[in-house]
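Following: one structure in structure tokens, then a few remarks.
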Ligand code: FES
């Protein structure tokens, strides 16, 4: 344990000291968190009541914290690991004026006004990033780019035309083009002006430093365990540490614990490669195909080296095969580009909302003054930034122009209903079927070093990982969130839950919510049987 002195010297509060070894929420390295985590522990926590406790130091939490602190509020950011450890450290870092939920889809689910507001939110999210970069003179590889989307067959052409019409209708700059910087043959394409790319961790680290300069407090390696509401004050606890706050913002992607949002957000993994090409056929743009699952690519100079950043092959977390997803992505890139070497490969998690819009605002099933932001689909940079603004507006003024449209308690429009039912049927299936199926009744000996598997030992299911030295790390495979059975992710060396996306490292520690509690260790009497 390490002690943390209070500033009023009345009390000493202690918190568990749990240094992390992983720079991000997976075993693979992303170029944004290359090497060790960015050390940012800023100051001591006081026993006074904070105006706002922000849980999570990704783009949403840091944006909200800085806005609130600059507005004169006293804020504390508490991060379970380190700044940018989660999806901000694993994003492909696109800044767009369009989104995975197209404006045509937005209009069909939420009407013309809803589509317009969604466009405003996306644009405002983008402007927040650009303004912050200007105001704080942040060196984060920001570069304006054009964005191209191309269709390769008649079905895709139809979807592209819908995308074009819906986008035009909300006054986003889009036009047809025959000049896409891609080696692929396409039938029809559009270009959108005013897109951009950046280095997300350089960006949020600079924002966090501004927050600290403004006397905000950042506390890393601290996972909030419980939250209660007593006499208008929220009390957050971790070990013996008690934090008092008037408002709480969960900027943890999906909020922790079992909430109705678990049934309205489906967790997905997305795969990214950083590829060195032979020659210089790097696109000076953001390029997207329309395949299912789709692919995208762009160029980024990382440590003086030009790389093609290519992503896609997304699938639901804990489902499908991550190795195959990477293989398919690499095959796709090698088919169309002359690859010299693959420098980076990493994956990251995002949440698809049931009705296409994010959930930002007062958290359902929580006390008044507890806020959350989730369901960003693949558009976390803009939606995370606008979430920071919406949540800070809700804390400061009790209102935001987006509070109704993005309310986490909104009634779901009919358009999202089938997706909602499908996702929940899927969760129910895993809850039952994974329990009945026996993945392997054979001995642990068949698990190769560096890999893991759920096996049955002495009639008990065990999540077993064998490290490179041959030692077993054995865990109870029952997810601590809502008791589904976790699956081994051989690429990120993690245990991933197929139900709501919780993820754990090889020692059972939570990597990704909504789980709060680590997987339980199991001692085997004869671990090599
Ligand atoms: Fe909900 Fe595992 S994440 S049961």
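The values are calculated or read from the model by the stated rules, or taken from the named source; none is laboratory data. These numbers come from a predicted model, not from an experiment. Note that we place each Cβ from the backbone using ideal geometry, even for glycine, and neighbour counts take in every protein chain shown.
Overview of values
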| item | result |
| --- | --- |
| Hits in region 153-201 - residues which are in contact (Cβ under 8 Å) with a residue 40 or more places away in the chain and either on the phi > 0 side of the Ramachandran plot or out of contact with any strand residue (DSSP E or B) (no Cβ under 9 Å at 6 or more places or on another chain) (or both) | 162, 165, 166, 169, 170, 171, 183, 194, 200, 201 |
| Which listed residue is at pLDDT 80 or above and either within 25 Å of the chain's Cα centre (by Cα) or within 16 Å of the ligand (Cβ to nearest atom) (or both), from 448, 433, 463, 425 | 463 |
| Residues located in region 226-237, provided they are within 23 Å of the chain's Cα centre (by Cα) and surrounded by fewer than 19 Cβ atoms within 10 Å (Cβ to Cβ) | 226 |
| Residues that are within 20 Å of the chain's Cα centre (by Cα) and away from the ligand (no atom under 13 Å from the Cβ), drawn from region 475-493 | 488, 489, 490, 491, 492, 493 |
| Residue in region 519-526 that is at pLDDT 95 or above and buried (at least 17 other Cβ atoms within 10 Å of the Cβ) present | yes |
| Hits in region 475-503 (condition: without any contact (Cβ under 8 Å) to a residue 60 or more places away in the chain and farther than 16 Å from residue 455 by Cα) | 480, 483, 502 |
| Of all residues making up region 251-283, the number that are under 17 Å from the mean Cα position of the chain (by Cα), away from the ligand (no atom under 16 Å from the Cβ) and more than 25 Å from residue 322 (Cβ to Cβ) | 1 |
| Residue satisfying condition, being buried (at least 22 other Cβ atoms within 10 Å of the Cβ) and closer than 15 Å to residue 50 by Cα, within set 254, 249 | 249 |
| Selection count where residues are touching a helix residue (DSSP H, G or I) at 6+ places or on another chain (Cβ under 9 Å) and not in a loop (DSSP other than H, G, I, E, B), scope region 299-309 | 5 |
| Tally of residues being more than 9 Å from the ligand (Cβ to nearest atom) and either over 16 Å from residue 258 (Cβ atoms) or part of a loop (DSSP other than H, G, I, E, B) (or both) across region 500-510 | 6 |
| Checking residue 213 against (1) in contact with a helix residue (DSSP H, G or I) (Cβ under 8 Å, 6 or more places away or on another chain); (2) under 30 Å from residue 86 (Cα atoms), the condition it does not meet | (1) |
| Residue within region 337-360 that is farther than 30 Å from residue 119 by Cβ and not in a strand (DSSP E or B) present | yes |
| Unmet criterion (only one of (1) more than 20 Å from residue 261 (Cα to Cα); (2) in contact with a helix residue (DSSP H, G or I) (Cβ under 7 Å, 6 or more places away or on another chain); (3) within 16 Å of the ligand (Cβ to nearest atom)) for residue 472 | (3) |
| Residue within region 111-123 that is under 25 Å from residue 300 (Cβ atoms), at pLDDT 95 or above, touching a helix residue (DSSP H, G or I) at 6+ places or on another chain (Cβ under 6 Å) and surrounded by fewer than 21 Cβ atoms within 10 Å (Cβ to Cβ) present | no |
| Residue list for region 364-377, restricted to those being surrounded by fewer than 24 Cβ atoms within 10 Å (Cβ to Cβ) and outside any strand (DSSP E or B) | 364, 365, 366, 367, 368, 369, 377 |
| Answer from 296, 282 - the residue that is in a loop (DSSP other than H, G, I, E, B) and either closer than 18 Å to residue 344 by Cβ or touching a helix residue (DSSP H, G or I) at 6+ places or on another chain (Cβ under 7 Å) (or both) | 282 |
| Any hit, region 329-341, residues being touching a helix residue (DSSP H, G or I) at 6+ places or on another chain (Cβ under 6 Å) and at pLDDT 95 or above | no |
| Unmet criterion (only one of (1) under 19 Å from the mean Cα position of the chain (by Cα); (2) in a loop (DSSP other than H, G, I, E, B); (3) away from the ligand (no atom under 16 Å from the Cβ)) for residue 223 | (3) |
